[in-house]
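The values are calculated or read from the model by the stated rules, or taken from the named source; none is laboratory data. These numbers come from a predicted model, not from an experiment. Because the Cβ atoms are built from the backbone with ideal geometry, glycine has one as well, and the counts that use them run over all protein chains shown. Protein only, heavy atoms only, side chains kept; ligands, DNA and RNA dropped before computing areas. Shrake-Rupley method; radii C 1.70, N 1.55, O 1.52, S 1.80 Å.
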Amino acid sequence: YDRRQIMCVLDCTGAVVAWLYILSYYLGSIYALYVATLLQMTVAALYEPSRTAIVPSLVIEEDGLKKAMTISGLAWSVMQAVGSSMGGLLTQWVGIQTCFAFDSLSYLVSALFIWKIRGRYIPVEPDEEPQ
């Protein structure tokens, strides 16, 4: 399967799931919140391996691949640390609904950027060149 397409579908799914959080807030339903959380964790569990696996297809040189993997890991760590803090502050400032609406939009922007990457990113054998 084309990893790029998988990532786009999962990003679009994540955009819908963000609205499920808003819906669960308005319904005041803990069950809807559980469903939204289950779906979000499922999307994340499927997305992360695809995100990591696509990097070697984007970078051909071995030295460049090491740098790309390092930058990818560093960006993920910074996003986790800074994003959590900013998310808390932003939620206090603009409210839960606005934050989840912004989250939904960020998933769609991510899907757009990933879709703009040209090529087919399917798994290849070690002795083959990426497509």
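Within segment 38-80, can you find the residues that are among the hydroxyl-bearing types (Ser, Thr, Tyr), without any contact (Cβ under 8 Å) to a residue 12 or more places away in the chain and closer than 23 Å to Gln5 by Cα?
Within segment 38-80, just Thr42 meets the criteria.
Give segment 1-12 a look and list any residue that's surrounded by fewer than 19 Cβ atoms within 10 Å (Cβ to Cβ) and either of a type in the set (D, E, K, R) or more than 16 Å from the chain's Cα centre (by Cα) (or both), or say none.
Result: Tyr1, Asp2.
Which members of segment 13-41 meet the condition of being under 27 Å from Trp115 (Cα atoms) and open to solvent by less than 60 Å² (accessible area, probe 1.4 Å)?
Those that are under 27 Å from Trp115 (Cα atoms) and open to solvent by less than 60 Å² (accessible area, probe 1.4 Å): Thr13, Gly14, Ala15, Val17, Ala18, Leu20, Tyr21, Ile22, Ala36, Thr37, Gln40.
Would you please name the residue that is nearest to the chain's Cα centre (by Cα), looking only at residues in segment 88-108 that are closer than 16 Å to Gly14 by Cα and among the hydrophobic types (A, V, I, L, M, F, W, C)?
Top of the filtered list is Leu108.
Output the number of residues of segment 91-101 satisfying the condition of being in a helix (DSSP H, G or I) and free of Cβ contacts under 8 Å to residues at least 12 places away in the same chain.
Total satisfying the criteria: 5.
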